[in-house]
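The structure appears below as structure tokens.
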Amino acid sequence: MSAPGYPGVPHQPPYPMMNPGGHSVAPYPSGPGGYGDPSQAPPPGFNMAYNQGPPPVMFQPSQVGHGPAPGQEYGGHPAGITPAPAAAPAVAVGVPPGLEYLTQIDQILIHQKVELLEAFIGFETNNQYEIKNSLGQKIYKAKEKNDCCTRNCCGSLRSFDMKIKDNSDREVIRLIRPLRCVSCWCPCCLQEMEVQAPPGTTVGYIKQDWHPFVPKFSIQGANKETVMKLEGPCFACNCCGDVNFELKSKDGETPIGRISKQWSGLLKEVFTDTDNFGIQFPLDMDVKMKAVLMGACFLIDFMFFEKVGEANQRSTVFS
């Protein structure tokens, strides 16, 4: 006798079955939750007119293994950290270890963590960030490293090393920011940052370009050749709205992406310096340049949106 449910068995309803209302339904109803449930949607990010490309992958980076982890299905709940299939060898050629996941996405969300000590008494602490994909899943974490005196005496101009680690606590990117001036009146000592991936191997630089009114940056490769341009608004302050820094081609004409400082809400903006950023870039961009753009996002945060004590945020290239 044939197994139940297969064609040819008498009195067995065909797939799909009909419910009492006359609508066809699948024999296995889908459970609540998952990415289709609006309650499980990630926090609102930035929405721009650029081509979004294919949807991001569902899994997070892992060092070893092929395919999803045992017991984990595709489209699972995003609350936990789930390993991703290892990148194919053809894709991983030339990709720094730990950055394979960046080859599959075209958006990154960066959320600064709230520091209670800093919020209540104004004592500056090391900044910490969570780096997520467009679904709100954590893919990396970043933490500033320097000393107490530098943080509280030099303020947002302070030098630092920042370590970016993956979900297995392996350092994959290091950002090095020397002490530099922020004013356009000192063009020989403007802001810059070095990006290493993995630590010890330089993959690019972010260098501030002199301009009397507008914040401009050059995104450079390992040999300090300019690859892209980044340009912000004259007044980089977000009064109930986002602040966009446009990513453009080398000649500064063609828009190819964006770094967006997102409005976090009135209470967070007034009483803390915890910021939310979004980065959008072409899916096929060199993964090393994607890492450099992450460094550019952190540099922008410190230059224009970092607050120390009672000081206001930096909003122009004159400050």
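The values are calculated or read from the model by the stated rules, or taken from the named source; none is laboratory data. Since this is a predicted model, take the numbers as computed values, not measurements. For neighbour counting, all protein chains shown are included, and Cβ atoms are generated from backbone atoms with ideal geometry for every residue, glycine included. Areas reflect the complete protein model, heavy atoms only, side chains present, ligands, DNA and RNA absent. Shrake-Rupley method; radii C 1.70, N 1.55, O 1.52, S 1.80 Å.
Can you tell me which residue in region 147-176 is most open to solvent (accessible area, probe 1.4 Å), limited to those that are within 28 Å of Val214 (Cα to Cα), at pLDDT 80 or above and touching a helix residue (DSSP H, G or I) at 6+ places or on another chain (Cβ under 7 Å)?
Filtering region 147-176 for residues that are within 28 Å of Val214 (Cα to Cα), at pLDDT 80 or above and touching a helix residue (DSSP H, G or I) at 6+ places or on another chain (Cβ under 7 Å), the one most open to solvent (accessible area, probe 1.4 Å) comes out as Ser159.
Assess whether Arg180 counts as being in contact with a helix residue (DSSP H, G or I) (Cβ under 6 Å, 6 or more places away or on another chain), at pLDDT below 95, open to solvent by 10 Å² or more (accessible area, probe 1.4 Å) and not aromatic (Phe, Trp, Tyr).
In short, yes.
Mind listing whichever residues of region 239-252 are part of a loop (DSSP other than H, G, I, E, B) and at pLDDT 90 or above?
Listed by number, the residues that qualify are Ser249, Lys250, Asp251.
Conditions tested, residue by residue: (1) in a loop (DSSP other than H, G, I, E, B); (2) modelled with pLDDT of 95 or more; (3) open to solvent by 30 Å² or more (accessible area, probe 1.4 Å).
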position	(1), (2), (3)
Thr274	yes, no, no
Leu283	yes, yes, yes
Phe302	no, no, no
Gln313	yes, no, yes
Val317	yes, no, no
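Hey, Thr125 hits all of (1) in contact with a Leu (Cβ under 9 Å, 6 or more places away or on another chain); (2) modelled with pLDDT of 95 or more but one; which does it fall short on?
Failing condition for Thr125: (2).
Please determine whether any residue of region 185-192 is more than 26 Å from Val287 (Cβ to Cβ), in contact with a Leu (Cβ under 8 Å, 6 or more places away or on another chain) and open to solvent by 40 Å² or more (accessible area, probe 1.4 Å).
no
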